[in-house]
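Novice: Can you read through this structure? Questions will come right after.
The values are calculated or read from the model by the stated rules, or taken from the named source; none is laboratory data. Owing to the predicted nature of the structure, the values given are computational and were not obtained by experimental measurement. Backbone-built Cβ (ideal geometry, glycine too); neighbour counts: all protein chains shown. In case anyone asks, the SASA skips ligands and DNA or RNA and just uses the protein heavy atoms, side chains included. Shrake-Rupley method; radii C 1.70, N 1.55, O 1.52, S 1.80 Å.
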Amino acid sequence: MAYKISGDCVACSSCIAVCPTGAISIQQGNYWIDPAICNNCEGYAPEPLCVSACNIGASMPLQPKKGRVKAIENPFTVSPSLFTNGVSTPFSSAIAIWEACNLLAQRQSLPWSLDDSGTLVYERSVSQGKGKIALRLNNIINFSYPRSHLESQTILASNTLDIRSTCLHLLYAAYATTLEKPWEQEFSISDSQIEEYLGLDKRKDLSKSTKLNLIKTLAIQPCWITAQIDWPKQGKVESFSLPESPLWSLLEIVHHFHEDEEGCKHLIGLTFRLKAGDWSQYFLNKKECHAGRAFYQYSHLPKSLLGAIMSIWQQHEGAARMLLWLLFKTRMGDQQRIMVMTLMRVAYGEDRVNQAISQREERKRLLRMFESDLEVVNRYGLKPIFDPVSYPTEIQPLWSKLADIPDDAEAALDFWINDGSCNLRLTDVGPRGKWQMLTNARILSFELLADWEQPAELSRKKRKFERSQNQSTKQRSSSKKVQTANQSLLSGEQIATLRKNLQISQRTLAEKIGKSQSWIRDVENGRFQAKQSEQQLIRQALGL
Ligand code: SF4
Ligand code: SF4
């Protein structure tokens, strides 16, 4: 049971000095024991030290609060909420943000080193070694882990960092894009906003104090990262060097309390005041970007990704890592070929992959895990398109092959009859040498769910629109034409109705337009929308 401080406290500070866990702090002028940190002095003293230190008996056992916690008016002004369209929000996709996301997600799998001061450093070269980004992890200190020992420090970082803190990091990157000069202006987020973004508001199994404790832990971790950047000349933007500075500065955590009849404070809310680091002056600077002296790199963050990470982080950490990495990678263009081995390294780390190369059992385990994690990635919005040459059906995961089974009962029967007469059946185990084949296998691209893809499309149009604002009326009218064309896009339901009217199976339609049957099914189910060029093919196939 934790302890609490009553309203009789005279602020003598005696208890702070003796508390072995650092649970006592002064928040908004009040002495307060953080129940998430206080351990009742277990392992330190036979009796709570704050009780013996307090001459007036203000430190007393904390009884669990019964009933619902009253919602309070947050007296602190917070920044406007994100995800106003309910689906996605712009966020800074600069390389420093991507690499920091990798750092929080991949932790022990990264090639760490120690600098002269014994701080962990993750370095990555840019522009073929012409530049460099160094991310350091400060504030992770535990004296049981020797400061100068790389392996100990890596284990400490890996044990301390939580992959869910990537969600907070991405939210900060989103808030930074709402500001004109993020390197000068601050933003504030409340715990209830974070709860809603992460889907914690729907978790009835978690108490308010558990949620607050989790949010506080996750919110602090991205602020431990510092960035040092040596950037080479790129296009019009001249080379620059950015000395080590925090990626995110946590200016203040404001605690909101409810006072009980004994004058004890109970934490019922948090507000985080933050500011983006100096990197944003070079990578999120709209004004200087127009003048060609800096970058303004942003993309769209699907809200569903945050919920996915919060749901799968324990059971499918590999899938969570892949989703986070692909959030940035898929923004680099439609045709991003990705080697399977690269994805495996992202999901499980270099060491684990090397182990699989040399050990048969580990190889089997990793393969099973990869196929299952890839299915999770597919379920949460990114459908892999396998390269038919290097990643043929025989080595594709079973879940992907089963996706081709037609919905229609008769067509499904034909499908299984055909499959039975094939040399290699759908449910046969993979061929010998499957791992060897996978080492050269590639995924051509990922088809994106609407909330992943549409915003990217919109952002392209927005950038195009911004560029065209100062141009001729002719260009503006052509932009309108694109919008009109988009309005006449066939919905999945319309495609399904038209196809059924013509008595064409999904498979036949798929063959006509050079797509897979599962692709047609996904479009008809509204999982994603066919692009303009694909719509054209569908229209032709349906005789429109
Ligand atoms: S009981 Fe011990 S750990 Fe808890 S606040 Fe008091 S001194 Fe600190
Ligand atoms: S709780 Fe007691 S010991 Fe701690 S500051 Fe208040 S009066 Fe002093």
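Novice: Go through the stretch 111-128 and give me each residue that's open to solvent by 50 Å² or more (accessible area, probe 1.4 Å) and at pLDDT 85 or above.
Specialist: PRO111, GLU123, ARG124, SER125, GLN128
Novice: Quick one: how many residues across the stretch 487-541 are within 18 Å of ALA411 (Cβ to Cβ) and free of Cβ contacts under 8 Å to residues at least 60 places away in the same chain? Can you show your working first?
Specialist: Taking the stretch 487-541 as the starting set, the residues that turn out to be within 18 Å of ALA411 (Cβ to Cβ) are 495-513, 515-525, 541.
Now narrow it down to the ones that are free of Cβ contacts under 8 Å to residues at least 60 places away in the same chain: 495-504, 508-513, 515, 520, 523-525, 541.
Final tally of qualifying residues: 22.
Novice: What number of residues in the stretch 522-544 are surrounded by 12 or more Cβ atoms within 10 Å (Cβ to Cβ) and in a loop (DSSP other than H, G, I, E, B)?
Specialist: Number of matching residues: 8.
Novice: Would you tally the residues in the stretch 80-102 being hydrophobic (A, V, I, L, M, F, W, C) and open to solvent by less than 10 Å² (accessible area, probe 1.4 Å)? Please lay out each step first, then the result.
Specialist: Looking only at the stretch 80-102, we keep the residues that are hydrophobic (A, V, I, L, M, F, W, C), and these are 82-83, 87, 91, 94-98, 100-101.
Retained after the next criterion (residues that are open to solvent by less than 10 Å² (accessible area, probe 1.4 Å)): 91, 94, 96-97, 100-101.
Here the count works out to 6.
Novice: Of the residues that sit in the stretch 25-48 and are near ligand 1 (Cβ under 9 Å from one of its atoms) and hydrophobic (A, V, I, L, M, F, W, C), which one is farthest from the chain's Cα centre (by Cα)?
Specialist: Selected residue: ALA45.
Residue by residue, here is whether (1) of a type outside the set (Lys, Arg); (2) open to solvent by less than 40 Å² (accessible area, probe 1.4 Å); (3) near ligand 1 (Cβ under 8 Å from one of its atoms); (4) modelled with pLDDT of 90 or more holds:
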residue: CYS50; (1), (2), (3), (4): yes, yes, yes, yes
residue: ALA53; (1), (2), (3), (4): yes, yes, yes, yes
residue: LYS66; (1), (2), (3), (4): no, no, no, no
residue: VAL69; (1), (2), (3), (4): yes, no, no, no
residue: GLU73; (1), (2), (3), (4): yes, no, no, no
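Novice: Looking only at the stretch 13-24, which residues are surrounded by fewer than 20 Cβ atoms within 10 Å (Cβ to Cβ), of a type outside the set (A, V, I, L, M) and either near ligand 1 (Cβ under 9 Å from one of its atoms) or in a strand (DSSP E or B) (or both)? Spell out how you get there, then give the answer.
Specialist: Of the stretch 13-24, the ones surrounded by fewer than 20 Cβ atoms within 10 Å (Cβ to Cβ) are 13-14, 16-18, 20-22.
Checking which are of a type outside the set (A, V, I, L, M) leaves us with 13-14, 20-22.
Within the stretch 13-24, PRO20, THR21, GLY22 qualify.
Novice: In addition: Out of the residues in the stretch 253-277 that are assigned to a loop (DSSP other than H, G, I, E, B) and out of contact with any Cys (no Cβ under 9 Å at 6 or more places or on another chain), which is farthest from ALA23 (Cα to Cα)? Talk me through it step by step, then tell me what you get.
Specialist: To start, the set of residues in the stretch 253-277 that are assigned to a loop (DSSP other than H, G, I, E, B) comprises 260-264, 277.
Of the ones still in play, those that are also out of contact with any Cys (no Cβ under 9 Å at 6 or more places or on another chain) are 260-262, 264, 277.
Numbers: ASP260: 20, GLU261: 22, GLU262: 20, CYS264: 15, GLY277: 29 Å.
Taking the candidates together, the pick is GLY277.
Novice: Also: Go through the stretch 88-109 and report how many residues are touching a strand residue (DSSP E or B) at 6+ places or on another chain (Cβ under 7 Å) and in contact (Cβ under 8 Å) with a residue 40 or more places away in the chain. Show your work before the answer.
Specialist: Applying the first criterion (touching a strand residue (DSSP E or B) at 6+ places or on another chain (Cβ under 7 Å)) to the stretch 88-109 yields 88-96, 99-100, 103.
Next, from what is left, pick out any that are in contact (Cβ under 8 Å) with a residue 40 or more places away in the chain: 88-96, 100, 103.
Number satisfying all stated conditions: 11.
Novice: Another one. Only residues that are without any contact (Cβ under 8 Å) to a residue 12 or more places away in the chain and not in a helix (DSSP H, G or I): list them for the stretch 351-380, please.
Specialist: Selection gives GLN359 alone.
Novice: Also, I was wondering about something else. Kindly evaluate VAL10 against the criterion of being within 11 Å of ligand 1 (Cβ to nearest atom) and in contact (Cβ under 8 Å) with a residue 12 or more places away in the chain.
Specialist: Numbers: within 11 Å of ligand 1 (Cβ to nearest atom): no; in contact (Cβ under 8 Å) with a residue 12 or more places away in the chain: yes.
In short, no.
Novice: If a residue must be open to solvent by 40 Å² or more (accessible area, probe 1.4 Å) and farther than 22 Å from LEU402 by Cβ, how many such residues does the stretch 330-364 contain?
Specialist: Looking only at that region, the number is 20.
Novice: Continuing with this model, one more query. Which residue pairs have Cβ atoms under 8 Å apart, sit 6 or more places apart or on different chains, and have a first residue in the stretch 14-39 that is in contact (Cβ under 8 Å) with a residue 24 or more places away in the chain and a second that is of a type in the set (Phe, Trp, Tyr) and buried (at least 19 other Cβ atoms within 10 Å of the Cβ)?
Specialist: CYS15/TYR31; ILE24/TYR31; ILE24/TRP32; ILE33/TYR3; CYS38/TYR3
Novice: A further question follows. Just need a number here: residues in the stretch 229-260 that are open to solvent by 70 Å² or more (accessible area, probe 1.4 Å) and under 27 Å from LEU214 (Cα atoms). Steps first, please.
Specialist: So the first thing to find is which residues in the stretch 229-260 are open to solvent by 70 Å² or more (accessible area, probe 1.4 Å), and the list is 233, 236, 238-239, 241, 243-244, 251, 259.
Next, from what is left, pick out any that are under 27 Å from LEU214 (Cα atoms): 251, 259.
Total satisfying the criteria: 2.
Novice: Take the conditions assigned to a loop (DSSP other than H, G, I, E, B) and in contact with a helix residue (DSSP H, G or I) (Cβ under 7 Å, 6 or more places away or on another chain) and apply them to PRO222. Does it pass? Can you show your working first?
Specialist: Working: assigned to a loop (DSSP other than H, G, I, E, B): no; in contact with a helix residue (DSSP H, G or I) (Cβ under 7 Å, 6 or more places away or on another chain): yes.
When the stated conditions are applied, PRO222 does not pass them.
Novice: Something else: Restricting the stretch 286-329 to residues that are polar (S, T, N, Q) and open to solvent by 40 Å² or more (accessible area, probe 1.4 Å), which is farthest from PRO397 (Cα to Cα)? Full working, then the answer.
Specialist: Step one: of the stretch 286-329, the residues polar (S, T, N, Q) are 297, 299, 304, 311, 314-315.
When the remaining residues are screened for being open to solvent by 40 Å² or more (accessible area, probe 1.4 Å), the result is 297, 304, 311, 314-315.
Numbers: GLN297: 35, SER304: 24, SER311: 23, GLN314: 22, GLN315: 19 Å.
By that ranking, first place goes to GLN297.
Novice: Also, quick follow-up: Residues in the stretch 138-150: is at least one modelled with pLDDT of 75 or more and surrounded by 15 or more Cβ atoms within 10 Å (Cβ to Cβ)?
Specialist: Filtering the stretch 138-150 for residues modelled with pLDDT of 75 or more gives 138.
In the following step, the residues that additionally are surrounded by 15 or more Cβ atoms within 10 Å (Cβ to Cβ) were identified as none.
For the stretch 138-150, residues modelled with pLDDT of 75 or more and surrounded by 15 or more Cβ atoms within 10 Å (Cβ to Cβ): absent.
Novice: For the stretch 231-251, indicate whether the set of residues that are in contact (Cβ under 8 Å) with a residue 60 or more places away in the chain, in contact with a strand residue (DSSP E or B) (Cβ under 9 Å, 6 or more places away or on another chain) and within 26 Å of TRP32 (Cα to Cα) is non-empty.
Specialist: The answer is yes, given that some residue of the stretch 231-251 is in contact (Cβ under 8 Å) with a residue 60 or more places away in the chain, in contact with a strand residue (DSSP E or B) (Cβ under 9 Å, 6 or more places away or on another chain) and within 26 Å of TRP32 (Cα to Cα).
Novice: What helices (runs of 4 or more DSSP H), lying completely within the stretch 148-204, carry at least 2 residues that are touching a Ser or Thr at 6+ places or on another chain (Cβ under 7 Å)?
Specialist: Details: elements: 150-160, 165-177, 191-198.
Helices (runs of 4 or more DSSP H) meeting the threshold: 165-177.
Novice: Being open to solvent by less than 30 Å² (accessible area, probe 1.4 Å), within 19 Å of PHE528 (Cα to Cα), modelled with pLDDT of 75 or more and among the hydrophobic types (A, V, I, L, M, F, W, C) is the filter here, so list the residues in the stretch 376-434 that pass it.
Specialist: VAL376, VAL377, LEU382, PHE386
Novice: Looking at (1) under 29 Å from GLU238 (Cβ atoms); (2) among the charged types (D, E, K, R); (3) assigned by TED's automatic domain parsing to the domain that holds THR439, can you tell me which one GLU288 breaks?
Specialist: The failed condition is (3).
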